[in-house]
Amino acid sequence: MKKMKIVLMGIAFLSLIGANNIFAQTGKEIAYKVYNRPTAKDGESDMKMTLINKKGGKRVRNIHQFYKDYGNVEKKILFFKSPADVKNTSFMNWSYDDANKDDDQWLYLPALKKVKRISSSSKDNEFMGSDFTYADMEKRHPDEDVHKLLKSEKFNGEDCWVVEATPKDEDDMYSKKVAWISKSKLLPMKMDYYDEDGELLKTLTINKIQKIGKYWVITDETMHNKQKNHKTHILISNMKVDQGLSDSKFTQRAMRKGL
């Protein structure tokens, strides 16, 4: 059964699953431990997203998110609260426990009063001007990547496995990802993303992990696009878990209605 990841970026962070040769079996086992780690059945939190350009200029976006694990599908919905140019915009993602089924994504734009479905061809685009793509917002299935354990080393004081993930789809926008996985918390501490030419494109750094109830949760992270010298900082607060959220929160009607 697929487990719900606490934060938005869990979809992007946990794309470390799959391998099909003997050398990579250890990497595969590690990746499945991450994928199946204990997590909440549902929850909500506030999110502060700060976009930082190469000159240090900042734009802040305040968001509230809900998520719920149904076993064979995970649903997440985000509501933008401010500033005015994005207020009442909402985004919803459904991730399926099926390697052959793509995530469903929708974006509600209040100016158009219309819910737009995100097509597969658009998923490499930036999400709301951030350094995350729509594809990064998804949770990858174990069989979408081939994994290889490179080594073990410390990162920011944590004993980590270093795992390389290579997508099976030749049209994937990333040629590979390399992740530093905490052995004790089973969460990524850092992830490097490489472009189609094999050049380092961006790096995700986990700044803080907290225990919320029974669960380890990423609450502070930064995505740095090295090629554009642009950053996106995510800060999670006011998190509540295992509340028994209503199914009605995860619908297109809810997207239009807003918070």
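With respect to Ser122, determine if the residue is surrounded by 14 or more Cβ atoms within 10 Å (Cβ to Cβ), in contact with an Asp or Glu (Cβ under 6 Å, 6 or more places away or on another chain) and modelled with pLDDT under 95. Break it down stepwise before answering.
Working: surrounded by 14 or more Cβ atoms within 10 Å (Cβ to Cβ): yes; in contact with an Asp or Glu (Cβ under 6 Å, 6 or more places away or on another chain): no; modelled with pLDDT under 95: yes.
Answer is no for this residue.
Give me a count of the residues in region 67-78 that are in contact with an Asp or Glu (Cβ under 6 Å, 6 or more places away or on another chain) and either closer than 18 Å to Leu109 by Cβ or not in a strand (DSSP E or B) (or both). Before the answer, list the steps.
Here is the first cut: in region 67-78, the residues in contact with an Asp or Glu (Cβ under 6 Å, 6 or more places away or on another chain) are 68, 72.
Filter once more, keeping what is either closer than 18 Å to Leu109 by Cβ or not in a strand (DSSP E or B) (or both): 72.
Residues flagged as in contact with an Asp or Glu (Cβ under 6 Å, 6 or more places away or on another chain) and either closer than 18 Å to Leu109 by Cβ or not in a strand (DSSP E or B) (or both) within region 67-78 amount to 1.
Out of Tyr174, Tyr193, one residue alone is surrounded by 17 or more Cβ atoms within 10 Å (Cβ to Cβ), among the hydroxyl-bearing types (Ser, Thr, Tyr), part of a strand (DSSP E or B) and within 17 Å of the chain's Cα centre (by Cα). It is Tyr193.
Working only within region 225-259, note down all residues that are out of contact with any Phe, Trp or Tyr (no Cβ under 8 Å at 6 or more places or on another chain) and either surrounded by 18 or more Cβ atoms within 10 Å (Cβ to Cβ) or acidic (Asp, Glu) (or both).
As a first pass, look at region 225-259 and keep what is out of contact with any Phe, Trp or Tyr (no Cβ under 8 Å at 6 or more places or on another chain): 225-231, 233-240, 242-244, 246-248, 251, 253-254, 257.
Across region 225-259, the qualifying residues are Asn225, His230, Lys231, His233, Ile234, Ile236, Met239, Asp242, Asp247, Ala254.
Evaluating His64 against the criteria (1) part of a strand (DSSP E or B); (2) more than 18 Å from Ser248 (Cα to Cα) leaves one unmet condition, (2). The set of residues in region 47-61 being touching a Lys or Arg at 6+ places or on another chain (Cβ under 7 Å) and closer than 28 Å to Ser248 by Cβ consists of Met49 alone.
Of all residues in region 75-100, those that are over 18 Å from Ile118 (Cβ atoms) have Cβ atoms under 7 Å from Cβ atoms of residues that are polar (S, T, N, Q) and at pLDDT below 95, 6 or more apart or on another chain, in Asp97/Asn72.
Here Ser237 passes the criteria (1) in a strand (DSSP E or B); (2) small (Gly, Ala, Ser); (3) over 18 Å from Lys76 (Cβ atoms) except the one numbered (3).
When residues of region 111-120 are filtered for being in contact (Cβ under 8 Å) with a residue 60 or more places away in the chain and part of a loop (DSSP other than H, G, I, E, B), how many remain? Give the derivation first.
Narrowing region 111-120 to residues in contact (Cβ under 8 Å) with a residue 60 or more places away in the chain: 113, 115.
Going one step further and asking which of them are part of a loop (DSSP other than H, G, I, E, B), we end up with 113.
Residues flagged as in contact (Cβ under 8 Å) with a residue 60 or more places away in the chain and part of a loop (DSSP other than H, G, I, E, B) within region 111-120 amount to 1.
The values are calculated or read from the model by the stated rules, or taken from the named source; none is laboratory data. Computed from a prediction, not measured in an experiment: that's the story for all the values here. Here the Cβ is made from the backbone with ideal geometry for all residues, glycine too, and neighbour counts use every protein chain on show.
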